[in-house]
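Beneath this line is the structure, given in structure tokens, with notes to follow.
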Protein chains: 2
Amino acid sequence: MIGAVSDSPPLPPLAVSLGDPAGVGPELLAAVWVSRVPRRVPCFFAVGGARLLREAARQRGLDVPIREIAHPQEATACFDRALPVLAEFDVAYAPGKPCHQGAELALASLTQATRLAIAGAASGVVTGPIAKSLLAQVGFAHPGQTEFVAEACGVAAEDAVMMLAGPSLRTVPITVHIALGRVPQAISVELILRRARIAAAALTRDFGIAAPRLAVAALNPHAGEDGRMGEEEIAIIAPAIAQLRAEGIAATGPHAADALFAPRARGSYDLALCMYHDQALIPLKTLDFDAGVNVTLGLPIIRTSPDHGTAFGIAGQGLADSGATIAALRMAGECAARRATAHEFTA
Amino acid sequence: MIGAVSDSPPLPPLAVSLGDPAGVGPELLAAVWVSRVPRRVPCFFAVGGARLLREAARQRGLDVPIREIAHPQEATACFDRALPVLAEFDVAYAPGKPCHQGAELALASLTQATRLAIAGAASGVVTGPIAKSLLAQVGFAHPGQTEFVAEACGVAAEDAVMMLAGPSLRTVPITVHIALGRVPQAISVELILRRARIAAAALTRDFGIAAPRLAVAALNPHAGEDGRMGEEEIAIIAPAIAQLRAEGIAATGPHAADALFAPRARGSYDLALCMYHDQALIPLKTLDFDAGVNVTLGLPIIRTSPDHGTAFGIAGQGLADSGATIAALRMAGECAARRATAHEFTA
């Protein structure tokens, strides 16, 4: 049946939101387009910013023809020869100088890119890096893009699960943007179950892993040493793991977090479920700093993002690494292809 | 003056405690001795366990002549041809089967090895892995070997600073073996200052770094985002850094912990000061699992240890990696040589 897949019409292109135009987002899109062939980047289009992207490419010393398109489907035909840009909003390029107008553009681009993915005109959305504090000034009321995209999809924010994925590791933080001191009260059997079930289902549907192996990290040092250094492993984490196993999910742990990311340990699981932000992000960035992808699991659409910020301090200087953006595009393309294939088989 | 150093009499050998005889300690000492020439392992002797080591070597398939010695200084002459063992206590080799008698041996070996280093008969002590719960049953009342060695040296436990060192990273956890939920209350300006001052002085004295650069990690995600996700950066960590800088110590931060251990960031400091156990241990073990050394800073003697446990589950099977023991011996030897040289210059 592989033949049937390759005979299918091509997938719609991926929609890419620009992120803050004063950050590294625009120049990275230009750099990614230039390396589309050797790096096997799937077809994508930028949502808005034709003038912006032309200037960002020029300042990075790249020869990037920009093709303005009126509909996503035009991207497929021209992607070989030009960077397709949906002819919408635009601003002047002013790297390192974030402003109100730029934040408005970032929000409009994100909104439109998400809409196109929901409508099926794009096979997924890859979101460029934004500055949350600036977006808040133009009416963005969400803690981050993940929650924004979830709401646009009609999914509760608690059911949109952030996964960080690099070439050598995938992690999901059970709690995310809260003070470390609040983590012990925030974790619960229910929260672990909810996130773990969504993650396991998404690893099967979008990543093609038939029976995902979930390694659940402990909260306390040495996994609490039988309660001598914290009770959460006994009271919360171990019961959650037992319940997951009873449901047929291959969960193990609680594992002492310091040994969980060592080279030999990494081969024993498909995903590490972590109790807090830095527990999930430290190993990922230590190993895969320039290739980390932030994926939102549990949505009806595919959504990925390079796992870095706007980097205003180096924007426009040609220093930003395009590895994470390439990885985010490729991962979105692979997930979209997998969903399309599954759909074909079940249709 | 380099010539003067090489003309000096050789340093005393390093004293190595056996650790729990049912763990991987004994077989690793045998393996290390076999690779002493290619791996440039400095001269050492084991404190006790001649029969134990002979059998551990045999079971690992290694040809290791054991030479019983009556005084540390005899080790230097025979180390080329045999593994020197101070003729003291002994037990039968029973890998994977910890027992009361073995715990007694482990404690006696640790006690004697530490004493020899304090007396100057050994140029430092390298401690093998113990099982704390077993040692507690034979009268060991300390949280770990670090505190035991500190007390033997007459140093307050708070002034013995645990540093983890691998080929690509050094970290010091400000708090160590406490539940994660207790960390926010446990950190203070005073504690950070105390540990940072000891660490900076030790990096100069024992590691030859004239002006050590200390990167101080944040406690909360994104370094607290200006207080939106925790106050500790503003109330505790930043003031501590300001004070360190006022004292002439090159401290920076608070740094968001997830980015602090990325490849490019690691080159910007000599030591990362971390707020809790796993923050310091996750990156170290992720990067340098088989070569991590636990060093105690702030003592009058040199003390290192391989950064792994007894591994009862694989003891006697020839599977344990000797990399961390070799690294611990080499680091102890280098620190001892540096102190001896400094002493010569100031004498």
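The values are calculated or read from the model by the stated rules, or taken from the named source; none is laboratory data. Owing to the predicted nature of the structure, the values given are computational and were not obtained by experimental measurement. Backbone-built Cβ (ideal geometry, glycine too); neighbour counts: all protein chains shown. In case anyone asks, the SASA skips ligands and DNA or RNA and just uses the protein heavy atoms, side chains included. Shrake-Rupley method; radii C 1.70, N 1.55, O 1.52, S 1.80 Å.
Here are a few things to note about the model shown:
- Each residue, B:SER168 and A:ALA82, gets one label point 7 Å from its Cα in the Cβ direction; the gap between the two is 4.3 nm.
- Of all lysines in the structure, the ones whose alpha carbon falls short of 17 Å from that of B:LYS285, not counting any fewer than 8 places away in one chain, are A:LYS285.
- For segment A:197-211, Karplus couplings with θ = phi - 60° (6.51, -1.76, 1.60), whole Hz, Gly/Pro x: 5, 5, 5, 5, 5, 5, 5, 6, 5, 9, 10, x, 9, 4, 10
- Relative packing of B:177-183, B:295-301, which averages over residues the other C-beta atoms within 10 Å, highest first: B:295-301, B:177-183
- Between B:ARG205 and B:ALA242, the FRET efficiency from the beta-carbon distance, with R0 = 25 Å, is close to 0.50.
- Eligible lysines near A:LYS97 by straight Cα distance, threshold 23 Å, same-chain separation 8 or greater: A:LYS132
- FRET E, pair A:ILE314, B:ILE234, Förster distance 35 Å, beta-carbon r, rounded to 0.05: 0.85
- With coordinates expressed along the principal axes, the C-alpha atoms belonging to the protein assembly as shown extend over 89, 56, 45 Å, beginning with the largest.
- The mean of 1/r over all distinct Cα pairs in segment B:161-298, once inverted, gives the Kirkwood hydrodynamic radius of 14.7 Å.
- The distance from the alpha carbon centre of segment B:63-141 to that of segment A:15-92 is 66 Å, rounded to a whole number.
- Segment B:161-298, accessible surface, carbon-and-sulfur percent (1.4 angstrom probe): 54
- Label geometry 7 Å along the beta-carbon vector: A:GLU68 inter-copy distances in nm: 9.3
- The same position B:ALA201 in the other copies lies at 5.9 nm from this copy, comparing label points 7 Å beyond Cα toward the beta-carbon, shortest first.
- Here's the picture: a label point sits 7 Å out from the Cα of A:ALA121 along the beta-carbon direction, and within segment A:75-104 the residues with their amide nitrogen under 17 Å of it are A:75-78, A:84-90.
- Distance from segment B:221-275 to segment B:152-198 (C-alpha centre basis), Å: 15
- From most to least packed by mean Cβ count within 10 Å, the peptides B:34-42, B:302-310, A:156-164 give B:302-310, A:156-164, B:34-42.
- Per residue accessible area in Å² of segment A:161-298, where ligands, DNA and RNA are left out and the probe is 1.4 Å: 33
- Buried accessible area, chains A and B (both chains, 1.4 Å probe, Å² to nearest 100): 3000
- Per-residue average of Cβ from other chains inside 10 Å of B:258-268: 5
- Qualifying GluC sites (Glu not before Pro) in segment A:185-250, where qualification requires a DSSP coil assignment and no more than 12 other C-beta atoms within 10 Å, comprise A:GLU247.
- Against the rule of thumb 2.2 N^0.38 Å, how large the Cα Rg of chain A comes out: 1.01
- In nanometres and ascending order, the distances from the A:VAL189 label point to those of the other copies are 4.5 (point 7 Å from Cα along Cα→Cβ).
- Spin-label proximity, B:ALA342 to segment B:155-183 - amide N less than 19 Å from point 7 Å beyond Cα toward beta carbon: B:155-156, B:159-165, B:170-172
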